[in-house]
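Following: one structure in structure tokens, then a few remarks.
Read-outs throughout are calculated quantities, based only on the coordinates presented, and are distinct from any laboratory measurement. It should be emphasised that the depicted structure is a prediction, and the values quoted were computed from it without experimental measurement. Ideal geometry is used to build each Cβ from the backbone, glycine not excepted, and the neighbour counts take in all protein chains shown.
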Amino acid sequence: MKRFMERHPLVARWFDRPHRSGEIVHRRYEVIEELGMGSYGIAYKGRDHDTGRLVVIKQARRTKGEDGRRLLQREAEVLARLRHPQIPMLHDRFVERGQPYLVMEYIDGETVEDHIFHSGVTYTERAAFRLLLDVLDVVRFIHALGIVHRDLRIPNIIWRQGTVFVIDFGLACHIGESVEWRDDDPLEKRLRREPLPRSDFYALGHFTLFLLYSAYEPTSEEEKSWEEELDLSPKARAILRKMLQLDAPYDHIDELMMDVNRLLAGRDQAQTSAR
């Protein structure tokens, strides 16, 4: 059944029966619009009628059965521990008609994905690594509590008035937690989903490449690697190779942040000398 639903997403959506705009959940939360459907949950923008504030309502997908309920429960436990101004706060959790729900703080801002593909923002090397450093500052807090996010992609980083926010902890787990793999899971998925800090570094390596490619203008139709296409400094290339585990990976986030700080300090010094 699970494999059938994965192959037929429209059928799965019918079985999941997402809420419609205007519906009231738990006699308190009004659904405004669907924000997205992930691997195990459906998220909505909503309004808390008791407080008047905007919230994110998240429910487990019915088609994911016990796996979906278990992951939503784990997400609630993770969020309850992560009390940080750049991480959504967990407001409420409940079960309705046998389905678990979470209610979280709504972060009003533009995702980095929207920043690039809808607003047309481009990033220089320095701007890309500056934003990476801001994200790493939040990730360091997460790792310090023994948690890895495992889904640090451009849709899950919000930018608002110069501040970054990390959202969507649906795949987060404890460092070293046992993880089941399918035989056909590709290597790229395993590198992103390892219950180790380096999986977050790997994901953020691809996150940084998205930023850098925002300013890339192709000069030919020939297929090339990112190292051939992007005009990067040797230090930036070395950092990315370690993040992407092409070279010996970083063991700890402090090592990575130190290298990014050195890169940024070096570029600032070079710009000052050029003046």
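Segment 100-117 to segment 24-75: how many Å between their Cα centroids?
The two parts, judged by their Cα centres, are 13 Å apart.
For segment 133-220, just say rounded, prolate or oblate: build the C-alpha gyration tensor, square-root its eigenvalues into a ≥ b ≥ c, call rounded for a/c under 1.5, and beyond that prolate if a/b exceeds b/c, oblate if not. Mind showing how you got there, number by number?
Details: a/c = 2.46, a/b = 1.24, b/c = 1.99.
Oblate, because a/c is 1.5 or more while a/b does not exceed b/c.
Which entries in Lys45/Lys189; Lys58/Lys189; Lys189/Lys224 show an alpha-carbon gap greater than 27 Å?
Lys45/Lys189
Can you list residues whose amide H is under 5 Å from Val25's amide H, if they're 5+ apart or on another chain and H is modeled 1.01 Å from N?
Glu30, Val31
Quickly estimate the mean residue ellipticity at 222 nm for the chain, helices only: each DSSP H run with n ≥ 4 gives -39500 (n - 2.57), and the total goes over all residues, rounded to 500. Display every interim value, and only then the final one.
Values: 10 runs with 117 residues, N = 275.
So the helix-based figure for the chain works out to -13000 deg cm²/dmol.
Could you compute the net charge surrounding Ala76? Neighbours are other residues with a C-beta less than 12 Å from the C-beta of Ala76; K and R count +1, D and E count -1. Let's see the in-between values first.
Numbers: positive: Lys58, Arg69, Arg70, Arg74, Arg81, Arg93; negative: Glu75, Glu77, Asp92.
Computed value for this residue: +3.
Could you give me D for segment 16-105, from Stokes-Einstein at 20 °C and 1.002 mPa s, where the hydrodynamic radius is the Kirkwood radius over C-alpha pairs? Units µm² s⁻¹, please.
Result for D is 164 µm²/s.
Of Pro234, Pro197, Pro85, which has the largest mean-square fluctuation in a 10 Å C-alpha GNM of the chain?
Pro234
Once the Cβ-Cβ distance between Leu246 and Gln73 is put in as r, and R0 is 41 Å, what FRET efficiency do you end up with, to the nearest 0.05?
Numbers: r = 36 Å, r/R0 = 0.88.
Result of the calculation: an efficiency of 0.70.
Hey, what does the equivalent ellipsoid look like for segment 110-274, semi-axes from the Cα gyration tensor as sqrt of 5 times each eigenvalue, largest first, whole Å?
Square roots of five times the eigenvalues give 25, 19, 17 Å.
Whole percent per 5 Å bin, from 0 to the bin with the longest distance: what is P(r) over all C-alpha pairs of segment 75-185?
The distribution over segment 75-185 is 2, 10, 19, 21, 17, 14, 10, 5, 1, 0, 0, given as percents.
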